[in-house]
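What follows is a set of notes on a single structure, which appears directly below.
The values are calculated or read from the model by the stated rules, or taken from the named source; none is laboratory data. These numbers were taken from a predicted model, which means no experiment stands behind them. No Cβ is skipped: glycine too gets one built from the backbone with ideal geometry, and neighbour counts run over all protein chains shown. Ligands, DNA and RNA are excluded from the accessible area calculation, which covers all protein heavy atoms including side chains. Shrake-Rupley method; radii C 1.70, N 1.55, O 1.52, S 1.80 Å.
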Amino acid sequence: MSIHPSASRITFAALAAKKAAGEKIVMVTAYDYPGAQIVEAAGSDVVLVGDSAAMTVLGYDSTVPVTVDEMIMLTAAVRRGLHAPLLVADLPFGSYEASDEIAIATAQRFIKETGADAVKVERGGTTVDRARALVAAGIPVIGHVGLAPQTASSLGGYRAQGRTADSASRVIDDALALQDAGCALLVIEAVPAAVTSALMGHMEIPVIGIGAGADADGQVLVFHDLLGIYDGGAARFVKRYADLRGAMVSGVAEYASEVRSGAYPAAEHTYGMPADEAERLATRFAGRGRVGGVRSVG
Ligand code: KIV
């Protein structure tokens, strides 16, 4: 594991200072070693190994099936590629909800086995108690309110939350409860901008929006969405900054075509051999036939 001196790391205090100074916080997901290097080189402050990995890199059709072991493997790979940004790991569905003891045991695995700086948990309700217990156990926690993908079916599917005053009040109450429980950061997903605006005046911790308008202290997007790698449908709030899937398919297609035509490998992709050695080799094998259809070399 490549752990760099904490002095070079972005801390929660640094994020709080950014909020105080009105500087936006940049958060993005990553799921592997090269992805971590890319998001760090691009200047991300916070890197989330989201359970969106279930869909973007593991091929599940929701975030629900991903396991602790799968998330730990991905988070450890991201850690190895990351130096300065703060690293947050999502606790997967079913790995923390049942009791404080289970939540602490799962979160401790992430911190010990991956080097993550913090864990993220979804929704209000009983999650607020889990968050409080994790904080009391010395584990930094990120809350996630609004659309909580792990329990999307109980929210009526992957859809915006807080579109009525009652629903918006529930989102805000969840956010405040998670702040009171000691969360260091809050993610708010898929709510009208007006809900975020109403919330912001009450939040002392940094708030990171995703589909929650421009008033949050920062924004987070899924790596595969913003780079156009993921083939699935994108939510309204996703902005595509590149079409890497198109570039990747055309690169592999060109390789396939050159293999078939013989254009690849060319001389510059091929190892040479001194002429006298090549001649000795040719002499050694001259006149040898094939044994059982396979050329005999011994
Ligand atoms: O799993 C994830 O990637 C997330 C972000 C969308 C915030 O939770």
The lone exception for residue 163 - which of (1) closer than 27 Å to residue 65 by Cα; (2) more than 16 Å from the ligand (Cβ to nearest atom); (3) not in a helix (DSSP H, G or I) it fails: (1)
Residue list for segment 1-20, restricted to those being open to solvent by less than 70 Å² (accessible area, probe 1.4 Å) and modelled with pLDDT of 95 or more: 10, 11, 12, 14, 15, 16, 17, 18, 19
Selection count where residues are touching an Asp or Glu at 6+ places or on another chain (Cβ under 9 Å) and open to solvent by less than 50 Å² (accessible area, probe 1.4 Å), scope segment 236-265: 1
Among the candidates 146, 115, residue that is open to solvent by less than 30 Å² (accessible area, probe 1.4 Å), at pLDDT 95 or above, in contact with an Asp or Glu (Cβ under 8 Å, 6 or more places away or on another chain) and under 22 Å from residue 25 (Cβ atoms): 146
Qualifying residue in segment 78-96 (condition: within 14 Å of the ligand (Cβ to nearest atom), open to solvent by 60 Å² or more (accessible area, probe 1.4 Å) and over 29 Å from residue 18 (Cβ atoms)): yes
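Do the conditions hold for residue 103, that is, is it assigned by TED's automatic domain parsing to the domain that holds residue 208, open to solvent by 40 Å² or more (accessible area, probe 1.4 Å) and over 18 Å from the mean Cα position of the chain (by Cα)?
Taking the combined requirement at face value, the residue does not satisfy it.
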Members of segment 149-175 found to be in contact with a Lys or Arg (Cβ under 9 Å, 6 or more places away or on another chain) and either under 16 Å from residue 128 (Cβ atoms) or modelled with pLDDT of 90 or more (or both), listed by number: 150, 151, 160, 161, 162, 174
Residues satisfying the stated conditions in segment 168-199, i.e. without any contact (Cβ under 8 Å) to a residue 24 or more places away in the chain and open to solvent by less than 30 Å² (accessible area, probe 1.4 Å): 196
Yes/no for residue 75 being within 15 Å of the ligand (Cβ to nearest atom) and either assigned by TED's automatic domain parsing to the domain that holds residue 145 or part of a helix (DSSP H, G or I) (or both): yes
